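Peer 1: Take this structure first; my questions come after.
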Amino acid sequence: MTAATLDAFLNSYIGHGDSLRPAVAATIHQLAEAAVKIRHVINQGVLGAAFAGTRGANTDGDIQKDLDVFADDIFLDAMRHAPVAFYASEELDQPVLLNKDAPLAVAIDPLDGSSNIDTNVSIGTIFSLLPATGAPDANPAAPFLQAGTNQLGAGFFIYGPQLALVLSLGSGTHVFVLSARLGAFVQAYESRIIPERTQEFAINAANYRHWDEAVRLYVDDCLKGSEGPRERDFNMRWIASLVADCYRILIRGGVFLYPGDSRKGYHQGRLRLVYEANPIAYLVEQAGGAATDTVNRILEIEPEGLHQRIPVVFGSSREVNRIARYHTEPSSIGERAPLFGNRGLFRA
């Protein structure tokens with residue numbers, strides 16, 4: 001049986017729904033064309049004109065690479081040719097008005113994981129599609145201050161060994177890979193399902209001393225393996241590229257943690273709710289997983305600002321729920337007795 005192309009998938013999607021679906025499909029087409037252009041530049045590596053050079057900090061205080069700006073320009077231009085009213089990006093302080101009569105708003109992280117550019121690690125583009133509602137004349141960010149449950153679709157491109165598109169339009173999470181032979185994205189996985197259980201977690205353990213007690217205890221219990229309260233061995237992974245960590249979890253399961261911590265500027269986490277956490281949470285939930293801010297469901301949180309940061313936990317649902325219990329009701333975790341009397345492996 002021949003795998004479906006992205007075009008065929010989108011044509012089927014258009015034929016089974018409301019009047020916004022053609023606009024969503026047209027926007028996905030434009031995003032995919034832009035991603036191919038970005039891939040060509042990334043493939044040039046250090047030989048390319050816009051690769052790993054640094055420009056300083058962006059409006060949100062993060063170090064900005066040349067390729068960050070290049071990618072943002074490419075996607076912004078692509079959205080000028082799509083039915084998109086507003087474009088919001090990590091690289092821009094305020095949204096851009098493209099066509100006030102268009103039905104969609106697009107929020108995007110043009111180049112996730114850009115700190116990995118010069119180390120040849122997979123990087124990506126994360127996007128969220130929303131209805132262009134609100135009062136943009138009074139507040140141009142208004143269309144983006146909707147809970148993630150209002151998303152019409154979400155996805156990310158990952159520039160790795162293959163150029164892949166992970167996409168959900170509200171009916172499962174699907175993976176498409178660019179075929180050089182066909183010159184088109186071809187469906188590689190249909191309706192991915194993240195296993196409920198896992199023995200693999202992803203977190204930056206270098207920040208252990210800055211975490212709150214609940215996160216430290218969770219990691220301690222995992223690292224104690226089969227001899228500890230979890231009674232099984234865990235693997236730990238950390239790529240420092242959100243799309244790469246998410247892709248791995250979608251393919252083989254696992255849980256990802258980027259909690260807030262005690263460092264200056266990290267109390268509310270570092271990932272952005274609107275254009276990172278919401279689209280990732282949407283994809284993960286559509287694949288049967290869960291996503292929280294350690295306690296609350298991410299998709300139900302109403303953003304207070306375009307660049308709002310948030311702690312993020314996502315992946316296998318049972319593990320995500322367990323992490324929430326470490327924060328809210330630790331005494332209910334029966335195998336820990338007593339929970340807070342247990343010293344961790346990283347502590348003397």
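Peer 1: Look at the stretch 49-71 and say how many of its residues are open to solvent by 10 Å² or more (accessible area, probe 1.4 Å) and modelled with pLDDT of 90 or more.
Peer 2: Adding up the residues that qualify gives 2.
Peer 1: Please work out if Ala85 is within 16 Å of Pro140 (Cβ to Cβ), open to solvent by less than 20 Å² (accessible area, probe 1.4 Å), at pLDDT 95 or above and in a loop (DSSP other than H, G, I, E, B).
Peer 2: No; evaluated as a whole, the condition is false for this residue.
Peer 1: Name the residue, out of Arg230, Arg216, that is over 30 Å from Ser12 (Cα atoms), part of a helix (DSSP H, G or I) and touching a helix residue (DSSP H, G or I) at 6+ places or on another chain (Cβ under 9 Å).
Peer 2: Exactly one residue qualifies, and that residue is Arg216.
Peer 1: Scan the stretch 259-270 and give yes if some residue there is closer than 21 Å to Gln199 by Cα, crowded, with 17+ Cβ neighbours inside 10 Å and not polar (S, T, N, Q), otherwise no.
Peer 2: Yes; the residues of the stretch 259-270 include at least one that is closer than 21 Å to Gln199 by Cα, crowded, with 17+ Cβ neighbours inside 10 Å and not polar (S, T, N, Q).
Peer 1: Across the stretch 96-145, what is the number of residues that are of a type in the set (Val, Ile, Thr) and buried (at least 18 other Cβ atoms within 10 Å of the Cβ)?
Peer 2: The total comes to 6.
Peer 1: Considering only the stretch 146-181, state which residues are of a type in the set (A, V, I, L, M, F, W, C), within 22 Å of Asp93 (Cα to Cα) and crowded, with 18+ Cβ neighbours inside 10 Å.
Peer 2: Selection gives Ala154, Phe156.
Peer 1: While we're here: Residues to consider are Val320, Val295; find the one that is open to solvent by 10 Å² or more (accessible area, probe 1.4 Å) and either at pLDDT 95 or above or in a helix (DSSP H, G or I) (or both).
Peer 2: Of the residues listed, the single one that is open to solvent by 10 Å² or more (accessible area, probe 1.4 Å) and either at pLDDT 95 or above or in a helix (DSSP H, G or I) (or both) is Val295.
Peer 1: Out of the residues in the stretch 242-281 meeting the condition of being among the acidic types (Asp, Glu) and assigned to a helix (DSSP H, G or I), tell me which one is farthest from Ala141 (Cα to Cα).
Peer 2: Only one residue fits best here, namely Asp245.
Peer 1: Please go through the stretch 298-317 and pick out each residue that is out of contact with any Ser or Thr (no Cβ under 7 Å at 6 or more places or on another chain) and either under 24 Å from Pro110 (Cα atoms) or open to solvent by 50 Å² or more (accessible area, probe 1.4 Å) (or both).
Peer 2: Ile301, Glu302, Pro303, Glu304, Gly305, Leu306, His307, Gln308, Arg309, Ile310, Val312, Phe314
Peer 1: Give the residues of the stretch 323-333 that are in a helix (DSSP H, G or I) and open to solvent by 10 Å² or more (accessible area, probe 1.4 Å), sorted by residue number.
Peer 2: Across the stretch 323-333, the qualifying residues are Ala324, Arg325, His327, Thr328, Pro330, Ser331, Ser332.
The values are calculated or read from the model by the stated rules, or taken from the named source; none is laboratory data. None of the values given here were measured: they were computed from a predicted structure. Glycine also receives a Cβ, built like all others from the backbone with ideal geometry; neighbour counts cover every protein chain displayed. Keep in mind that these areas ignore ligands, DNA and RNA; they rest on the heavy atoms of the full protein, side chains included. Shrake-Rupley method; radii C 1.70, N 1.55, O 1.52, S 1.80 Å.
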